[in-house]
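One structure is given here, and the rest of the page talks about it.
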Amino acid sequence: MKPVVLLIGADKGGVGKTTIARTVLDYLAANGTPARAFDTEFPRGTLKRFHPNLTEVVDITTAADQMKVLDTLTTSDVKVSVVDVRAGALLSTLKTFTEVGFFDLVRTGEFNFMLFHVVGPSVASLEEIGDITPYAGGHQYFVVKNFINETSFFDWHPEIYRSYLEKVKDAVQLNIPKLNEMACEQVDLAGVPLSTFIANKDTRGENGDYSLVLRGYVRTWLNQISGEYDRIRLVDQLARQAIAA
Amino acid sequence: MSEVSFAAIVASLHGRSGKTLLARALGDYFILSGQKPYLFDTDAVERGLQMLFPRDAIVIDLAIVRDQMLLFDTLAERSPQMRVVDVTHRSLTKFFELMRDTDFMSEARSRDVEPVIFYIPDRKIDSFQAGMILRDNFSDCPFVVVENAFLGEPKSNIRQDRAYRSLKAHQPRFVMPKLDNGVVDALEDCALSLSNFMRQPMSRDGEVPIPDGLSCDLRITLRAWVFKIFQEIHRVTAARHSWKGYGS
C-alpha cells in the first residue's frame, strides 16, 4: 500500500482537532486499517495521552522531527500516518511540506495526502479556507465542521459559506456532531481511546467504572461520526489511492 | 450464578393511567418481602411516587444529564435490590431513547439485573399503538401488558385496531384489580404505606392502636384489594423465567 499522510489541523485553536484525530484513529482501528500518529503539540503532546502506543510527539518546526515524519513514510510498516497539527500551525506546516518537496512526491505518485481542515463556527475560521486553498488544490481536502463546542454554525448567510467552499475544487464537507459536555469532559479525563471508554475499560484494560449514560452518549456520537466517515468512504479513499498507484 | 434482580419500568403514553399506583404497589410489595428497593420517580413536577415514599424514592429530572446518570447507572448496578421506575408520560420518549442509546439492556444483564417493562395502555388508540411500537423496538426486553380495570374498555372502533388486538393477545399480562371509590379515596392518602398497612392487625380490639383512621369495612375492602394486587405481582414475577426475552 502507498504511504498516505492524513493531516488534521486548523489555524484557529479550540476547534477540536485532537478530538477529530481520535475519532479517525478509532475508526481506522475498527475498520482494520493500521495507523500511526504524530502529535505536534510538542513537547507534552495531547493526542499521545489517548493513543500512547500509536503516537509520537514531534516538533514539526524542526528538520529533525520533519524527517521523523516524512523520511519514515516509506520505511514504516504502517502506511497511514495521521498528523495532528497544533493550533495555528496548519498553514506553516503546509508551507514546510511544500518546501521539503513532499507535495512534489505526492504529485509524482510516490505518496498520498489528505487534509482534514477543522473549522469552527466563526467567520475567521471560514477565512482560513481561503488561506489553505493554494495548498489544498489537487489533494483530497475535507472541510470538517466540528459542532463539538457549538450547536449552531455560521449563523450568518450560508451563501457566504458556500462561496468560501467553492474556492477549493472538490472540497468535501464533513459534519461532526456535538457531544454532550459532561460526556466530553469525562472521556477526556479517562485518557483512553474512545472505543476503550465505551467498553468501560481504563488505561490498564481493567473496569473503568465510567457512567453508563455518558458511555452511551459517546457511543451514539461515535456511531454518527463513523457514519460520516462511511459516507466519504474514508478507508476506501486510502485504499483506492494504493490501487490507483 | 447470583440471583437476578428486577428493574421494573412502569410506563404509559398518557397520564392518569395508574402508573404511579402500580409503581407504588411494586415498591410496597418488595418492601413487604423484606427488600429495600430502589425507587425512582421521573416526574420532577408532580413527584407522585416520591410523596408516597418520601425517604426512599429519588426524583429524577430526565432533562438533566446528572439525573440521567443517577438513574441508569443505579438501575444497572450489580446488587440484589429490586428497582422500580415510575416513568412519567412526559418523559416517556426521553427515557426509552436513553435506554436504547446507553445499551442499557446488555449492561444491566451483564450485572445480573433484568429490566422488565410494565406498560399500561389506556382507552385511547395511540396508547395501544405506542405500546406495540415500544414492545417491538425493545424486543429483547420482557414486556408485560398491564390491564387497569379502573380505566374500562376502549370503544368498539378502537378494539378493531391492529395495535389493540396485538396488545390484547400479548402475554405476559398483569391485571390491576378494580378499585371501588372508597379504596380510591384511601389510596389518595400519601401517608398510607401499603406494606405497613398489610402488617397491621385487622381490628381495633388488640393492644396495638391502628392510626390510619379507616373504617373497619374500608380496611377490609382495601386489604382485599392490596392482597389481590400483591398476589398478581407474585404471580407475574414468579413466572418470569417463561417470559420472552428474559435472561437473553
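Bear in mind that the values in this text are calculations on the coordinates, not laboratory data. Quick caveat: nothing in here was measured; it's all calculated off a predicted structure. A quick note on method: Cβ atoms are made from the backbone with ideal geometry, for glycine too, and the neighbour counts reach across all protein chains shown.
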Exercise. Cβ-Cβ below 6 Å, separation at least six or inter-chain, first residue in the stretch A:211-230 and in contact (Cβ under 8 Å) with a residue 60 or more places away in the chain and within 7 Å of another protein chain (Cβ to nearest Cβ), second surrounded by fewer than 22 Cβ atoms within 10 Å (Cβ to Cβ) and not small (G, A, S): which pairs?
Worked result: none
For this session: Of all residues in the stretch B:78-100, count the ones that are surrounded by fewer than 17 Cβ atoms within 10 Å (Cβ to Cβ), out of contact with any Leu (no Cβ under 7 Å at 6 or more places or on another chain), within 14 Å of chain A (Cβ to nearest Cβ) and touching a residue at least 24 places away in the same chain (Cβ under 8 Å).
Result: 2
For this session: Would you point out the residue of the stretch B:139-161, among those that are touching a helix residue (DSSP H, G or I) at 6+ places or on another chain (Cβ under 9 Å) and free of Cβ contacts under 8 Å to residues at least 12 places away in the same chain, that is nearest to B:I233 (Cα to Cα)?
Result: B:R159
For this session: Could you please find all residues in the stretch B:1-28 being of a type in the set (S, T, Y) and under 17 Å from B:I120 (Cβ atoms)?
Result: B:S12, B:S17, B:T20
For this session: Please list, ordered by first then second residue, the pairs with beta carbon atoms under 7 Å, 6 or more apart or interchain, first in the stretch B:101-126 and away from chain A (no Cβ under 14 Å) and surrounded by fewer than 20 Cβ atoms within 10 Å (Cβ to Cβ), second of a type in the set (A, V, I, L, M) and not in a helix (DSSP H, G or I).
Result: B:D112/B:V4; B:D126/B:L13
Exercise. Would it be correct to say that B:F53 is within 9 Å of another protein chain (Cβ to nearest Cβ), crowded, with 19+ Cβ neighbours inside 10 Å and either in contact (Cβ under 8 Å) with a residue 12 or more places away in the chain or within 30 Å of B:L151 (Cα to Cα) (or both)?
Worked result: no
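Could you pull out the residue among A:G13, A:G9 that is in contact with a Gly (Cβ under 7 Å, 6 or more places away or on another chain) and within 21 Å of A:D131 (Cβ to Cβ)?
A:G13
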Problem set entry | Residue list for the stretch B:87-130, filter: touching a helix residue (DSSP H, G or I) at 6+ places or on another chain (Cβ under 7 Å), more than 18 Å from B:R159 (Cβ to Cβ) and part of a helix (DSSP H, G or I) | B:F96, B:L98, B:D101, B:F104, B:E107, B:A108
Problem set entry | Residue list for the stretch B:1-26, filter: among the small types (G, A, S) and under 9 Å from B:D86 (Cβ atoms) | B:A11, B:A23
